[in-house]
Amino acid sequence: MTTGSMHVLPALPYPLAALEPCIDARTMALHHGKHHASYVANLNSALDKFPQLHGRDALWLLRNAREVPREIRAAVCNNAGGHLNHSLFWRAMAPAVGGAPEGPLAAAIDRDFGNLDQFKAQFEAAGGKLFGSGWVWLARGWRDGGKLHVYTTSGHENPLLKGRYPILVNDVWEHAYYLKHENRRGDYLKGWWPVVNWKEAARRFESSALSPDRSWESEAGLVLGATA
């Protein structure tokens, strides 16, 4: 989120230990309090001497990268991307939820993947095959009739910048799972489903029916608390 000219680390929507045993409290503390916090701090540092960009939320900075001075553009894009993606990631999970999607999202998953189990298998496979650090997404495109697809992005790229609206996301950077699973990314992906927040995914699916600009606008305001 942003407040005045500064980006702020959003509070977790649950206690650090709330996602155990799927994600341990120490991983959550380091992931949120160190890794995500560093993206926020580095973003603020990069923007400090450019008041024309103060108050711009992370999504605006990514969508309008050409308006960011060249000397800070890489730092801004990397750290704004990390800030945005992590803000979405925390909301993609909730304690003691699990289960399965319902309503229109469930119907869309059945339509586009066959059933929930086939979607999960494709999601896990994509995340497991991604080389290096990145993210695995369930996202909806606007150019193909609104079909759902599984995508991966490297670094801190986001499907929003390619006309795809993220419905669900999992972080497959090593810092998201290494303390508990070491190098076993597949175990982490397979064990993640009990904490998936399907209600949030359903809300995002319903938001994705809006035009791209209105969806992005809503995302910036709701997830990041944008002030501009």
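Structure data summary
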read-out	value
Arg203, Arg185, Arg66, reordered so the largest accessible area comes first (probe 1.4 Å)	Arg66, Arg203, Arg185
Accessible-area ranking of Ser208, Ser154, Ser45, largest first, probe 1.4 Å	Ser45, Ser154, Ser208
In Å², nearest 10: area of Lys34 left accessible to a 1.4 Å probe	130 Å²
The chain - Kirkwood radius from inverse mean 1/r over Cα pairs (Å)	17.9 Å
Protection-proxy order for peptides 100-106, 193-199, each taking the mean of Cβ atoms within 10 Å per residue, highest first	193-199, 100-106
Eligible aspartates and glutamates near Lys180 by straight Cα distance, threshold 18 Å, same-chain separation 8 or greater	Glu20, Asp24, Glu124, Asp171
Greater than 20 Å apart at Cα, pairs in Lys120/Lys190; Lys34/Lys129; Lys120/Lys162; Lys162/Lys199	Lys34/Lys129; Lys120/Lys162; Lys162/Lys199
Check: the chain dipole with +1 on Lys, Arg Cβ and -1 on Asp, Glu Cβ, in debye	340 debye
Inter-probe distance in nm under a simple model that places probes 7 Å from Cα toward Cβ, at Arg203 and Ala11	1.6 nm
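The values are calculated or read from the model by the stated rules, or taken from the named source; none is laboratory data. Since this is a predicted model, take the numbers as computed values, not measurements. Note: ideal-geometry Cβ built from the backbone for every residue, glycine included; neighbour counts use all protein chains shown. Only protein heavy atoms, including side chains, enter the accessible area calculation; ligands, DNA and RNA are left aside. Shrake-Rupley method; radii C 1.70, N 1.55, O 1.52, S 1.80 Å.
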